[in-house]
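Each remark here refers to the structure printed beneath this line.
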Amino acid sequence: MERRGPVWRDADVFVVGGGPAGLAAAIAAAARGLRVIVADGANPPIAKACGEGLLPNAVAALAEMGIVLGEEAGCALRGILFEDETGSVGAKFPCGHRIGMRRETLHQLMIDRASDCGVSLMWNTPVTALFEDGVLAGGNKVRARWTVGADGIGSRVRSWIGLESRRAPRNRFAFRQHYRLKPWTEFIEIHWSDLAQAYVTPVGPEDICVVMISSDSSRRFEKGILGFPKLMLRLSDAPPSSSERGAVTSMFELKRTFRENVALIGDASGSVDAITGEGLALSFQQARVLADALVAGDLGQYQEAHRRLARRPRFMGNLLLLLARQSGIRERTLRTLGSSPALYERMLAYHVGEANTLQLATTGANFGWRFLTA
């Protein structure tokens, strides 16, 4: 990147935050001919406590960006399995295998693709202020027509433009640990207890990612695993292959996702709980519609598309959080789905965006009848 005296070269779009959401926004904008700069206060690759499973809609969105994931990138996944102390039920994805992979690996692939698209990347460069015509990044004024806030759940950009949610977010706490262990399953497994959920994803030939999620910030990994004796037994002889990492996960929605020439994307623009596995896919889809809106010069167009994209993940998030809170409903739900595997597969198809709302309504009516008679 060239300097002009004390000021960085101008850009059409300046993205605050170089995680997957910010890089997706940058790649999509650059693909439409816009000049893009990304800045982040960290050095790559950036790790985060997440489940590390890429569902079919996330893999499809990455392919649109030019990032095609072969099985060598991680571990092929066939579906999702729910398990609690009463039993388990699983279903396959409607469109074949998908990928579990380490977050750092995904981040590096996205960095490489952004560089190939001509995106200028500024690492170890915190953004400390916004201006009408740009930002202050690393102590330098950078002029840009548009600014995109992709700086996560605790977004400073969101605060600077006055778009904080008036409702308190429903925060939960996630703690991640990897184990050196040959995967025993080709499914993403969600294990349930009354106090927490454990999200298990194979991410390599001898690599398992396990995330504990609960509403108790003191329930770190070592404490949380005690609530899952079957899982604890599987992991008992496996050495950890990473250090424990924690993160906050939230469910919150904003009335607006832009103000003037500043737009928000990813968790900065509203979030779904990590248990859905939808965060990455949603941010990748948002990147596409945001880039279209930037080219059109109409962020109102982005606002409408953003609201539409969030409906399904938010519905699924609320449903899964209900199952987390109500053990009786959860046990009956698992019995119902276990008695009709085809019904669970149809519900999973909606979860990953392969079925429409009408199909969900039909499936829901079928589920409701079976639930009442379970």
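The values are calculated or read from the model by the stated rules, or taken from the named source; none is laboratory data. These numbers come from a predicted model, not from an experiment. A quick note on method: Cβ atoms are made from the backbone with ideal geometry, for glycine too, and the neighbour counts reach across all protein chains shown.
Just one of the numbered conditions (1) more than 30 Å from GLY297 (Cβ to Cβ); (2) free of Cβ contacts under 8 Å to residues at least 60 places away in the same chain is not true of THR249: (2).
Tell me, yes or no, whether the range 47-58 has at least one residue that is of a type in the set (Lys, Arg), touching a residue at least 60 places away in the same chain (Cβ under 8 Å), buried (at least 16 other Cβ atoms within 10 Å of the Cβ) and in contact with a helix residue (DSSP H, G or I) (Cβ under 6 Å, 6 or more places away or on another chain). Yes, the range 47-58 contains at least one residue that is of a type in the set (Lys, Arg), touching a residue at least 60 places away in the same chain (Cβ under 8 Å), buried (at least 16 other Cβ atoms within 10 Å of the Cβ) and in contact with a helix residue (DSSP H, G or I) (Cβ under 6 Å, 6 or more places away or on another chain). Looking across the range 277-327, just one residue is polar (S, T, N, Q) and in contact with a Pro (Cβ under 7 Å, 6 or more places away or on another chain), and that is SER283.
Scanning the range 164-178 for residues that are among the polar types (S, T, N, Q) and either more than 17 Å from the chain's Cα centre (by Cα) or part of a strand (DSSP E or B) (or both) yields a total of 2.
Looking at ALA263, ALA305, ALA310, just one residue is assigned by TED's automatic domain parsing to the domain that holds ALA150 and under 24 Å from ARG113 (Cα atoms), and that residue is ALA263.
Across the range 179-222, the qualifying residues are those that are within 18 Å of the chain's Cα centre (by Cα) and hydroxyl-bearing (Ser, Thr, Tyr), and the one among them that is surrounded by the most Cβ atoms within 10 Å (Cβ to Cβ) is THR201. With respect to LEU130, is the statement that it is under 22 Å from ALA291 (Cα atoms) and not in a loop (DSSP other than H, G, I, E, B) true? Yes; evaluated as a whole, the condition is true for this residue.
Within the set GLU83, GLU72, the sole residue that is outside any loop (DSSP other than H, G, I, E, B), among the charged types (D, E, K, R), at pLDDT below 90 and surrounded by 19 or more Cβ atoms within 10 Å (Cβ to Cβ) turns out to be GLU83.
Can you find, within the range 244-269, the residue that is surrounded by the fewest Cβ atoms within 10 Å (Cβ to Cβ) among those that are within 21 Å of the chain's Cα centre (by Cα) and assigned to a loop (DSSP other than H, G, I, E, B)? Break it down into steps so the answer makes sense when it comes.
At the first step, the residues of the range 244-269 found to be within 21 Å of the chain's Cα centre (by Cα) are 244-258, 263-269.
Still in the running and assigned to a loop (DSSP other than H, G, I, E, B): 244, 250-251, 254-257, 265.
On the way: GLU244: 14, SER250: 18, MET251: 20, LEU254: 21, LYS255: 10, ARG256: 16, THR257: 26, ILE265: 31.
Going through the qualifying residues, I end up with LYS255.
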